[in-house]
């Protein structure tokens with residue numbers, strides 16, 4: 001865009017009771033399993049049809065925390081709208097085991113993503129998606145295969161993130177659908193500056209604008225499931241180098257509103273005790289991650305107010321405190 005404005009100070013967590021505007025529905029289950037993912041997905045998947053893309057993080061080689069491939073396989077095989085779906089990914093901006101298609105495909109094999117098609121959407125180039133109302137961009141560059149899909153199921157492992165503070169549905173799409181060489185560079189680097197020159201509010205805003213370009217493209221044919229399990233302060237892109245997990249597992253959330261589901265996940269972390277959430281909450285604060293939430297609302301991407309529905313107890317409305325009151329200290333379960 002011709003004029004770039006400075007990022008505002010958005011490093012503020014706004015409690016749910018202080019937010020204003022409309023409410024969206026967010027579903028919640030404590031069942032962290034393939035059955036739990038399926039139960040959550042089926043509540044929000046009415047408009048998932050045609051050629052379906054599943055956007056998830058397939059992880060670095062032998063990464064310990066991403067949602068297991070075996071779980072995704074079970075969900076796909078038992079869910080009618082996902083039986084012929086394709087997992088989609090893009091190559092990475094950073095140098096590693098996924099920055100080229102050849103290396104990326106080897107990593108996919110190591111991590112067990114061999115049971116269905118995996119489309120590295122920028123393998124054959126890029127395409128620009130228009131962006132309305134952006135401060136930083138008027139388009140985002142994504143993998144050229146992305147527009148071939150009619151619907152997108154966003155299956156996100158919610159966790160911390162070294163630069164973003166946290167990685168929810170917004171980060172999964174905003175970084176994960178931008179192509180590896182152009183789109184991701186647009187987000188992470190200013191013209192003429194270093195590879196990782198963008199951070200804090202500016203980074204959160206650019207991630208969110210990237211996401212908006214993709215979800216505007218799919219319209220109502222997109223839904224979101226966030227898995228709050230194995231929540232290190234590190235992203236799955238750090239693989240075996242990820243920081244140890246100390247935050248308790250919580251559950252699985254689902255919505256058709258991307259702002260609402262990421263807000264709900266952050267609220268659930270906040271509702272834990274200081275001991276339980278200290279590391280993850282500190283990561284969100286110090287990286288200015290809350291700006292993801294406020295900027296998504298400013299961009300009209302969804303509501304920051306929501307009704308949390310308990311799928312385990314007759315679909316009654318519950319609070320974040322009620323949702324996390326029985327979480328246990330983290331103990332790794334290997335799969």
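The values are calculated or read from the model by the stated rules, or taken from the named source; none is laboratory data. Predicted model only: the values in this text are computed from it and were never measured. Every residue, glycine as well, gets a Cβ built from its backbone with ideal geometry; the counts of neighbours run over all protein chains shown.
Residue-by-condition table, conditions (1) in contact with a helix residue (DSSP H, G or I) (Cβ under 6 Å, 6 or more places away or on another chain); (2) in a strand (DSSP E or B); (3) surrounded by fewer than 18 Cβ atoms within 10 Å (Cβ to Cβ); (4) modelled with pLDDT of 95 or more:
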position	(1), (2), (3), (4)
7	yes, no, no, no
12	no, no, yes, no
17	no, no, yes, yes
26	yes, yes, no, yes
36	no, no, no, yes
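For residue 301, the test of being outside any helix (DSSP H, G or I), surrounded by 13 or more Cβ atoms within 10 Å (Cβ to Cβ), touching a helix residue (DSSP H, G or I) at 6+ places or on another chain (Cβ under 8 Å) and modelled with pLDDT of 95 or more is passed. Could you tell me whether residue 53 is surrounded by fewer than 22 Cβ atoms within 10 Å (Cβ to Cβ) and at pLDDT 95 or above? Spelling it out, it is not the case that residue 53 is surrounded by fewer than 22 Cβ atoms within 10 Å (Cβ to Cβ) and at pLDDT 95 or above. Taking the criterion of being more than 20 Å from the chain's Cα centre (by Cα), assigned to a loop (DSSP other than H, G, I, E, B) and either in contact (Cβ under 8 Å) with a residue 12 or more places away in the chain or buried (at least 16 other Cβ atoms within 10 Å of the Cβ) (or both), the residues of region 95-109 that qualify are 96, 97, 100.
Buried (at least 17 other Cβ atoms within 10 Å of the Cβ) and over 28 Å from residue 40 (Cα atoms), is that true of residue 171? No. Screening residue 143 on (1) in contact with a helix residue (DSSP H, G or I) (Cβ under 7 Å, 6 or more places away or on another chain); (2) more than 30 Å from residue 249 (Cβ to Cβ); (3) buried (at least 24 other Cβ atoms within 10 Å of the Cβ) shows it passes everything except condition (1).
Of these, 317, 283, which one is under 19 Å from the mean Cα position of the chain (by Cα) and modelled with pLDDT of 95 or more?
On the way: 317 fails: under 19 Å from the mean Cα position of the chain (by Cα).
Matching residue, one of 317, 283: 283.
Residue-by-condition table, conditions (1) surrounded by fewer than 15 Cβ atoms within 10 Å (Cβ to Cβ); (2) within 16 Å of residue 180 (Cα to Cα); (3) touching a residue at least 40 places away in the same chain (Cβ under 8 Å):
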position	(1), (2), (3)
59	no, yes, yes
65	no, no, yes
68	no, no, yes
77	yes, no, no
88	no, yes, yes
93	no, yes, yes
126	no, yes, yes
132	yes, no, yes
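With 309, 261 as the choices, which residue is assigned to a helix (DSSP H, G or I), within 22 Å of residue 41 (Cα to Cα) and touching a strand residue (DSSP E or B) at 6+ places or on another chain (Cβ under 8 Å)?
261
I need the full set of residues from region 135-171 which are over 21 Å from residue 124 (Cα atoms) and either over 16 Å from the mean Cα position of the chain (by Cα) or assigned to a helix (DSSP H, G or I) (or both), in order please. Spell out how you get there, then give the answer.
Taking region 135-171 as the starting set, the residues that turn out to be over 21 Å from residue 124 (Cα atoms) are 135-138, 153-171.
Hits for region 135-171 are 135, 136, 137, 138, 169, 170, 171.
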